[in-house]
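Below is one structure; the comments refer to it alone.
The values are calculated or read from the model by the stated rules, or taken from the named source; none is laboratory data. Just so it is clear, the model here is predicted, and its values are computed rather than measured. Note that each Cβ is placed from the backbone with ideal geometry, even for glycine, and that neighbours are counted across all protein chains shown.
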Amino acid sequence: MERTKREDSQARDEFTEKLIQLNRTAKVVKGGRRFSFSALVVVGDRNGRVGFGFGKANDVTEAIRKSTEKAKRALVSVPLKNATVPHEVVGKYKATTVYIKPACPGSGIIAGGPVRAILECAGYTDIISKSVGSRTSVNVVRAVFDGLGKLLDAAEIAKNRGKTLKDVWS
């Protein structure tokens, strides 16, 4: 029994969880108002793996737990190059556009709101970002993940072309 508790605590320590948005909705019923909650959470290992989840429940803690579980199931790998992105990328989702650019070492994460949380969880430390259009948290998160999905890794490109990494960079 102790092993499972220890393994659970190690799994929790392995990931960084950030709550991006918590929303309360009310449904009017005969006895009054019935509240339900939705949570948007980003989970990452600060080493190139990050995911997001959206959960709904009648209790705050249950909504956060559900969204965290969904985020852990939806982890994606992103390339890290000297703690920044390898190249500029644009992510789009509906009316939201997010521009992500590499930055010099020591610049820090120059991004706001949900974008900052995602990039911190992914393990980036030097990056520049700008969100344009709709500022809805869910749309911004999906736009960032669209952009991160478009990132290309040099080793992967070389492998696809059937060349060595040195041939691609020279």
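A few points about this structure:
- Restricted to helices (runs of 4 or more DSSP H) entirely inside region 103-170, those with at least 1 residues that are of a type outside the set (Asp, Glu) and closer than 14 Å to residue 44 by Cβ are 113-122, 137-149.
- Count of region 77-98 residues which are surrounded by fewer than 18 Cβ atoms within 10 Å (Cβ to Cβ), assigned to a strand (DSSP E or B) and at pLDDT 95 or above: 2
Each row is one residue, and each column tells you yes or no for (1) touching a residue at least 12 places away in the same chain (Cβ under 8 Å); (2) assigned by TED's automatic domain parsing to the domain that holds residue 125; (3) assigned to a strand (DSSP E or B).
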{"site": "38", "(1), (2), (3)": "yes, no, yes"}
{"site": "42", "(1), (2), (3)": "yes, no, yes"}
{"site": "50", "(1), (2), (3)": "yes, no, yes"}
{"site": "65", "(1), (2), (3)": "no, no, no"}
{"site": "68", "(1), (2), (3)": "yes, no, no"}
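- Cross-chain or 6+ apart pairs with Cβ under 7 Å, region 130-147 first and closer than 11 Å to residue 115 by Cβ, then of a type in the set (A, V, I, L, M, F, W, C) and assigned to a helix (DSSP H, G or I): 131/115; 131/140; 140/115; 141/118; 144/115; 144/118
- Members of region 49-67 found to be buried (at least 21 other Cβ atoms within 10 Å of the Cβ) and of a type in the set (Ser, Thr, Tyr), listed by number: 67
- Residue 167 being surrounded by fewer than 20 Cβ atoms within 10 Å (Cβ to Cβ) and under 21 Å from residue 71 (Cα atoms): no
- Residue match in region 95-112 (condition: at positive phi and among the small types (Gly, Ala, Ser)): yes
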